[in-house]
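Here the structure is laid out as structure tokens; the discussion comes afterwards.
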Amino acid sequence: MKTLLKVVAGLLLLINGLGALYGGWNLMTFPDGSGFGLPLSILQHSPFTDFFLPGLILFVFNGLCSIAVLAALWLNRAQYPWLVIGQGAILVGWIGIQILLIRGTGTLHWIFGGIGLLLMVSGALLVNANRKYANFRREPHTR
């Protein structure tokens, strides 16, 4: 079960990380939104005048951080389940703030919001699995 959870979390982190690196880079490269065909008018209720800063935030906090958490998971670092939960929370927060600022939703909001929730759930299940494994290792074995 733990291996399956790690694979699921790893795939979700990879999807989020690569998507955010691509999307963030595109928004920074084309801050007028032309790379994705986004009109600047969707930013009218936000503090942003173009997509550069949102692209940078996306690139760093969802792209680079997801890849860093993925590396922690692969390397089996002690706190990786908590990092998975944290990355899921960052993603859900990102999507929530984005929806509030643009005052609308699209298919990608639902998909990546779901990915964020799945990251939080898989991370929590990994925390629990690690605790059970640690308790099992501490119990004396009788023959």
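Flag: Leu83 does not match the condition of being of a type in the set (A, V, I, L, M), over 24 Å from Lys2 (Cα atoms) and part of a helix (DSSP H, G or I).
If you check Leu14 against the conditions, is it among the aliphatic types (A, V, I, L, M) and part of a helix (DSSP H, G or I)? Quick ask: steps written out before the conclusion?
Details: among the aliphatic types (A, V, I, L, M): yes; part of a helix (DSSP H, G or I): yes.
It is true that Leu14 is among the aliphatic types (A, V, I, L, M) and part of a helix (DSSP H, G or I).
Criterion first (assigned to a helix (DSSP H, G or I), closer than 25 Å to Leu43 by Cα and under 10 Å from the mean Cα position of the chain (by Cα)) does Ile90 satisfy it? Considered against the rule, which asks whether it is assigned to a helix (DSSP H, G or I), closer than 25 Å to Leu43 by Cα and under 10 Å from the mean Cα position of the chain (by Cα), Ile90 comes out as yes.
Within segment 65-99, the set of residues being under 20 Å from Phe36 (Cβ atoms) and of a type outside the set (Phe, Trp, Tyr) comprises Ser66, Leu91, Ile95, Ile97, Gln98, Ile99. Restricting attention to segment 28-35, does a residue exist that is touching a Pro at 6+ places or on another chain (Cβ under 9 Å), closer than 20 Å to Ile111 by Cα, among the small types (Gly, Ala, Ser) and surrounded by 13 or more Cβ atoms within 10 Å (Cβ to Cβ)? Taking every residue of segment 28-35 in turn, none turns out to be touching a Pro at 6+ places or on another chain (Cβ under 9 Å), closer than 20 Å to Ile111 by Cα, among the small types (Gly, Ala, Ser) and surrounded by 13 or more Cβ atoms within 10 Å (Cβ to Cβ).
Quick check on segment 32-74: of everything there that is part of a loop (DSSP other than H, G, I, E, B) and in contact with a Gly (Cβ under 7 Å, 6 or more places away or on another chain), which residue is nearest to Ala89 (Cα to Cα)? So that I can check it myself, show each step before the final result.
Our first condition is that a residue be part of a loop (DSSP other than H, G, I, E, B); within segment 32-74, this holds for 32-39, 44-51.
Still in the list and also in contact with a Gly (Cβ under 7 Å, 6 or more places away or on another chain): 39, 51.
Values: Pro39: 28, Phe51: 22 Å.
Applying the filter and picking the extreme gives Phe51.
Residues that are surrounded by fewer than 16 Cβ atoms within 10 Å (Cβ to Cβ) and β-branched (Val, Ile, Thr) within segment 46-80 comprise Thr49, Val60, listed in sequence order. For segment 37-57, the condition holds for no residue, the condition being that it is under 20 Å from Met120 (Cα atoms), in contact with a Phe, Trp or Tyr (Cβ under 7 Å, 6 or more places away or on another chain), at pLDDT 95 or above and of a type outside the set (S, T, N, Q). In segment 60-80, the residues that are closer than 16 Å to Leu27 by Cβ form Cβ pairs under 7 Å with partners that are of a type in the set (Gly, Ala, Ser) and surrounded by 13 or more Cβ atoms within 10 Å (Cβ to Cβ), at six or more places apart or across chains, as follows: Asn62/Ala20; Gly63/Gly17; Gly63/Ala20; Gly63/Gly24. Pairs meeting the criteria (first residue in segment 1-17 and farther than 16 Å from Ala72 by Cβ, second residue crowded, with 19+ Cβ neighbours inside 10 Å and among the aliphatic types (A, V, I, L, M), beta carbons under 7 Å, at least 6 apart or on different chains) are Ile15/Ile115.
The values are calculated or read from the model by the stated rules, or taken from the named source; none is laboratory data. Computed from a predicted structure; not experimentally measured. Reconstructed Cβ throughout: ideal geometry from the backbone, glycine too, with neighbour counts over all protein chains shown.
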